[in-house]
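Only one structure is covered here, and it is reproduced in the block below.
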Amino acid sequence: MKIKNIYHAGYNDIASNTIFSATKQANNNRSASELKELDKKIDSITNTKIKVNYDESLFKNKVYFKDANSGEFIKIGLSDENLAKLKSTFDADDFYSRDNGSVILSGKAENFVAGWFGDIAYQRGYLNADSDGNGAMSSDELANTNSGFMANSSFNVCENLITSNSTSSYLKYDKEFRALHEGMSAKGKYASDSIEAELNKTLSNDKNSDGILEYQEIILESEHNSDTEEVIEKTFSRKKADWGEEVNLLEESPEQKALKQLLISGESSLSAKQKALLAKAGLLKDDSNLGSVIQNISANIANSKIDLKA
C-alpha cells in the first residue's frame, strides 16, 4: 500500500543523536623498546577465538590491538582507506610496523580501534551471536545481535506528516525489525556478515573519529524519509488486515481521517470537530468515554500511539 504526498519533520532534531559509541579503555602508550619486545611474541598471545579468513578477506592490512574486555590481543584486517585515516588522525608513534607488513597499534590509535571492536563484539553482541565460532555471521546469527536502531516517530494522518523526535539503539536485529526496515537492511545500514566487516564499516562511518556514531553519520535524510515511509505503509497494511476490509485506511472522508488519527496517534490528538464526527458516526460510544472505539478494535490498540521505526 502506497500513501502519497507524505511530509517529514524532525530529522535535524535527531541527526546528532548518538546511536553507537566505542567502549572506553585506558591508553596503552608503549615505548619503542616495549613494542619491539611485543613484536617477538604477539602472535603467541593473540586471541584465536576471533575467526578471520585472511585468504578471502577484503581487508588486507593486518593490525593488532589489545582488547580491554578479554585482556588479549586481537588480530584483524583493515581496509587501505581506514588504515590511512587512522594514520592521518593519530600520532605516528601509535603505529609499529612489523617486517611482514602487519601493524601493532598503540596509544590513542589502539584505544580507538579497540573501543569500536568492543562495542561491536560485546555491546552489539557479535561475539556471542556467532554460535558456531566460524567468524561469519549468518542471518540467524545476526538476528541475535543488538545492531538495530530507529528514529522514534509519529504519523499525523490528517496532515500526512511523519515527525521524528528521538532515537533508540542497540535493538535486536531480528526478523520483525528487518521486515519493517527492509530497504535500509538491504543497504547494509544495520549489520555486516562478520566482526571484521562491521568494524571497517564503523571506522568509516565515524567521520570525525570521535568514538561516537551519530544518526546522521549512518542515515542520510533521504534514507530516513524513505525508511519512515516504508514503516508507516507496512504498519497501515498490517492494521488494515487486522481490522478488516470495512476499515478503508486510504479513504479521505473527514470521518475516516478522524478514525485513522485516533487509531494511529490516540484520542488526545483529535480535535473537537473530529471527536464530534466519530461520536455521530457511532465510532465513539459517547463524549465522556472517548476510549471506546469500534467494536472490532481492541482497546489496547485503540489507546496506543504507534512508534514508527527508522
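Laid out as a table, the results:
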item: Check on Ser153, in contact with an Asp or Glu (Cβ under 9 Å, 6 or more places away or on another chain), within 28 Å of Thr228 (Cβ to Cβ), in contact (Cβ under 8 Å) with a residue 24 or more places away in the chain and surrounded by fewer than 16 Cβ atoms within 10 Å (Cβ to Cβ); result: no
item: Filtered residue count, region 13-52, keeping only those that are among the aliphatic types (A, V, I, L, M), open to solvent by less than 50 Å² (accessible area, probe 1.4 Å) and either closer than 15 Å to Phe117 by Cα or part of a loop (DSSP other than H, G, I, E, B) (or both); result: 4
item: Cross-chain or 6+ apart pairs with Cβ under 7 Å, region 86-102 first and in a loop (DSSP other than H, G, I, E, B), then open to solvent by less than 100 Å² (accessible area, probe 1.4 Å) and basic (Lys, Arg); result: Ser102/Lys62
item: Only listed residue being at pLDDT below 75, of a type in the set (Gly, Ala, Ser) and under 28 Å from the mean Cα position of the chain (by Cα), chosen from Ser304, Ser288, Ser209; result: Ser304
item: Residue within region 138-153 that is at pLDDT below 95, farther than 15 Å from Glu223 by Cβ and in contact with a Ser or Thr (Cβ under 8 Å, 6 or more places away or on another chain) present; result: yes
item: Top-ranked residue in region 1-12 [being assigned to a loop (DSSP other than H, G, I, E, B) and of a type in the set (A, V, I, L, M, F, W, C); ranked as nearest to the chain's Cα centre (by Cα)]; result: Ile6
item: Output for region 61-105, where each listed residue is aliphatic (A, V, I, L, M), modelled with pLDDT under 95 and open to solvent by 10 Å² or more (accessible area, probe 1.4 Å); result: Ala68
item: Segments classed as helices (runs of 4 or more DSSP H), wholly inside region 157-234, with at least 1 members that are among the small types (Gly, Ala, Ser); result: 175-180, 182-186, 195-205
item: Meets criteria (outside any helix (DSSP H, G or I), at pLDDT 65 or above and surrounded by 12 or more Cβ atoms within 10 Å (Cβ to Cβ)) for Leu259; result: no
item: Of all residues making up region 169-203, the number that are open to solvent by 60 Å² or more (accessible area, probe 1.4 Å) and either aliphatic (A, V, I, L, M) or over 25 Å from Asp132 (Cα atoms) (or both); result: 3
item: Any hit, region 107-127, residues being outside any helix (DSSP H, G or I) and buried (at least 23 other Cβ atoms within 10 Å of the Cβ); result: yes
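The values are calculated or read from the model by the stated rules, or taken from the named source; none is laboratory data. What you see is a predicted model, and the numbers here were worked out from it, not measured in a lab. FYI the Cβ positions are ideal-geometry reconstructions off the backbone, even for glycines, and counts take in every protein chain you see. Ligands, DNA and RNA are excluded from the accessible area calculation, which covers all protein heavy atoms including side chains. Shrake-Rupley method; radii C 1.70, N 1.55, O 1.52, S 1.80 Å.
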